[in-house]
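First the structure, in the form of structure tokens, and then the observations on it.
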Amino acid sequence: MFIAGMDASGSPNEGNYKFMAIVIGAKEDIDHIIQQSGYLSEHMNRIENKKNQDQIISALRFHNQTVIAFCIQIDKYRILNKINIRKKNTSKKKILQIYNQTIFKQLREKILDFLYRHNYSLDDIVFQCDSDCKDFAKDVGLKYEERKGNAFYLSDIIAWANNKNKEPKGVMEIDLTKIIETKLKT
């Protein structure tokens, strides 16, 4: 069985949506990665001991065989603050939909290729997420549940780590900021 998770991370200065992480893979392998990392099912920002944070991140390994992980730089608030909604004569909701669809369009083929190799389709996958990514999932037509399982927790670790410039090995880091800005300006 394949599962997926997604989460966003940021900072008070830049908003909570600087990075978004997506994890997809075999449930048993995602569970194993979480177990090996020593992560105890709480958000990374609640782990105060930096040594524990570093140990969790350094224990993560993604070889893209049965689990694939993306960390996408999205700078949501910085980009959206540049867009003059009145000038565009477009609703804020529509701009957010275009924003989310632009992100997913850049990831779609990579995700589909991975799923096809394992005889899954995107329709087979339910994404675990919290309120940070619920609208993203809706806007791009993904099945989701507001549930915090191991796929969600793994995506939380990845987004948090990238926000701290500590990317786990094997994560596909993608900067979509320029593509998103260009699309929203047209």
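Values computed for the structure shown
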{"quantity": "Given (i) 57, 34, 30; (ii) 100, 53, 31; (iii) 51, 40, 25, the label whose value is Cα extents along the principal axes in Å derived from this model", "calculated": "(iii)"}
{"quantity": "Among the listed pairs K94/K178; K93/K166; K27/K92; K18/K110; K27/K178, those beyond 30 Å (Cα-Cα)", "calculated": "K93/K166; K27/K92; K27/K178"}
{"quantity": "Förster-model FRET efficiency, 41 Å R0, H43 and Y116, C-beta, rounded to 0.05", "calculated": "0.80"}
{"quantity": "Contour minus Cα-Cα distance for K134 and Q101 (0.36 nm per residue)", "calculated": "10.5 nm"}
{"quantity": "Cβ-based net charge around I158, under 14 Å, with every Lys or Arg adding one and every Asp or Glu removing one", "calculated": "0"}
{"quantity": "Gain in span if fully extended, D31 to K169, counting 0.36 nm per residue against the direct Cα distance", "calculated": "47.9 nm"}
{"quantity": "Cysteines in the chain lacking a second Cys C-beta under 4.7 Å", "calculated": "C71"}
{"quantity": "Computed over the range 101-166: relative contact order in percent, which uses C-alpha pairs under 8 Å that are six or more apart", "calculated": "27"}
{"quantity": "Percent RCO, i.e. relative contact order, over the chain, from Cα pairs under 8 Å lying at least 6 residues apart", "calculated": "38"}
{"quantity": "Solvent accessible area, Å² - S155, 1.4 Å probe, full protein context", "calculated": "0"}
{"quantity": "Theoretical gain in end-to-end length, T90 to K51 [0.36 nm per residue, Cα-Cα removed]", "calculated": "9.4 nm"}
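The values are calculated or read from the model by the stated rules, or taken from the named source; none is laboratory data. Everything quoted here is computed from the prediction, not taken from an experiment. Methodologically, a virtual Cβ is constructed for each residue, glycine included, from the backbone with ideal geometry; neighbour enumeration extends over all protein chains shown. These area figures cover heavy atoms from the full protein model, side chains too; ligands, DNA and RNA do not enter into them. Shrake-Rupley method; radii C 1.70, N 1.55, O 1.52, S 1.80 Å.
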